[in-house]
Amino acid sequence: MANGISTSSTSTSPNVSSSAKAKQRPGRKPDWLKVRLPSGQQSSEVFKNVKDNALHTICQSGNCPNQAECWGEGTATLMILGNVCTRSCRFCNVVTGKPEDVDILEPRRVAESVKQMGLKHVVITSVDRDDLVDGGSSIWMATVKMIRRLNPGITMETLIPDFQGKTDQLDKIVQANPEVVSHNLETVERLSREVRVQARYDRSLEVLDYLKKSGIRRTKTGLMLGLGETEAEILQTMDDLRAVDCDVLTLGQYLQPTKKHLPVADFITPETFERYKEIGLEKGFKFVESGPLVRSSYHAERHVG
């Protein structure tokens with residue numbers, strides 16, 4: 001595309017029906033996936049801060065299983081550009097529909113909230129805003145700059161959408177220059193069209209490649225396991241990511257948010273996650289967070305160094 005990244009895919013897929021595999025329900029959720037609800041004073045303060053500043057968090061909108069741990073430590077992944085997404089990914093609990101108008105005051109509210117929480121590291125993410133001419137990239141850049149202005153010395157990760165591969169929009173992220181830029185691949189190539197209906201596997205790889213070649217020091221991505229992928233496909237995905245010099249990989253168990261979402265095909269054991277971590281490090285990733293409850297922003301502060 002003009003001023004953008006190609007959406008074509010040249011790889012072939014194995015003759016495996018992901019839909020058929022997904023229908024083979026794995027049964028009751030294992031004990032290692034049980035989580036506790038947020039509690040304690042620090043968690044309450046984070047909740048109050050988010051509510052008072054009219055902010056959104058992926059912790060709440062995405063039903064993150066680590067909300068208790070992160071909020072208990074006074075951290076949260078803030079979600080900008082509203083909480084209604086223009087895309088309808090079949091794994092995601094964020095509401096799909098027509099988003100509200102952009103709030104030009106949001107960058108300051110977010111930055112002030114980060115200051116009130118006294119964060120040393122913050123993760124910012126957003127819904128997809130394909131309805132906007134610039135995909136929301138101007139608000140992204142303004143938010144990063146305002147956080148830095150009001151919070152000297154803070155480090156930052158931006159977990160961005162693909163901006164439809166449009167390089168002029170990605171350039172605004174590059175200009176803002178957060179310490180870590182993350183864009184999630186989510187799943188292996190064969191399942192990508194089914195899991196991320198309006199996204200493309202190759203396009204996501206090209207986004208990560210473009211970011212690194214444009215000067216972003218540390219790039220990052222995440223995969224959900226348990227959607228019916230094979231081990232060979234996971235290892236091939238690792239190789240594809242290392243081919244675009246991706247630095248950080250997170251691997252976690254997919255959990256079905258509602259009956260309307262894709263079912264879980266497999267529950268991956270903690271031992272298997274640990275083995276994938278060792279393989280990923282051997283392949284050259286600087287950091288691999290791998291475990292049943294790991295999500296994109298888990299231990300994000302460690303990935304800066």
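The values are calculated or read from the model by the stated rules, or taken from the named source; none is laboratory data. As the structure is a computational prediction, the values presented were derived from the model and not from experiment. Note that we place each Cβ from the backbone using ideal geometry, even for glycine, and neighbour counts take in every protein chain shown.
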Task: Number of the condition not met by residue 209 [criteria: (1) out of contact with any His (no Cβ under 7 Å at 6 or more places or on another chain); (2) without any contact (Cβ under 8 Å) to a residue 40 or more places away in the chain; (3) not in a helix (DSSP H, G or I)] - done: (3)
- [ ] For region 63-71, indicate whether the set of residues that are modelled with pLDDT of 90 or more and buried (at least 17 other Cβ atoms within 10 Å of the Cβ) is non-empty.
- [x] no
Open item on the list: So for region 179-199 (the condition being hydrophobic (A, V, I, L, M, F, W, C), touching a His at 6+ places or on another chain (Cβ under 6 Å), touching a residue at least 24 places away in the same chain (Cβ under 8 Å) and part of a helix (DSSP H, G or I)), does at least one residue qualify?
Closed with: no
Open item on the list: Can you report the number of residues in region 234-264 which are farther than 17 Å from residue 277 by Cβ, assigned to a helix (DSSP H, G or I) and of a type in the set (D, E, K, R)?
Closed with: 1
- [ ] Of the conditions (1) more than 26 Å from residue 254 (Cα to Cα); (2) touching a strand residue (DSSP E or B) at 6+ places or on another chain (Cβ under 9 Å); (3) crowded, with 19+ Cβ neighbours inside 10 Å; (4) at pLDDT below 95, residue 154 clears all except one; give me its number.
- [x] (3)
TODO: State all residues of region 265-305 that are in contact (Cβ under 8 Å) with a residue 40 or more places away in the chain, over 25 Å from residue 126 (Cβ atoms) and either of a type in the set (Asp, Glu) or assigned to a helix (DSSP H, G or I) (or both); if no residue qualifies, say none.
DONE: 266, 270, 273, 276, 279, 280, 283
TODO: Mind listing just one residue for me: the one in region 256-304 that is farther than 19 Å from residue 77 by Cα and at pLDDT below 90 and, of those, surrounded by the most Cβ atoms within 10 Å (Cβ to Cβ)?
DONE: 262
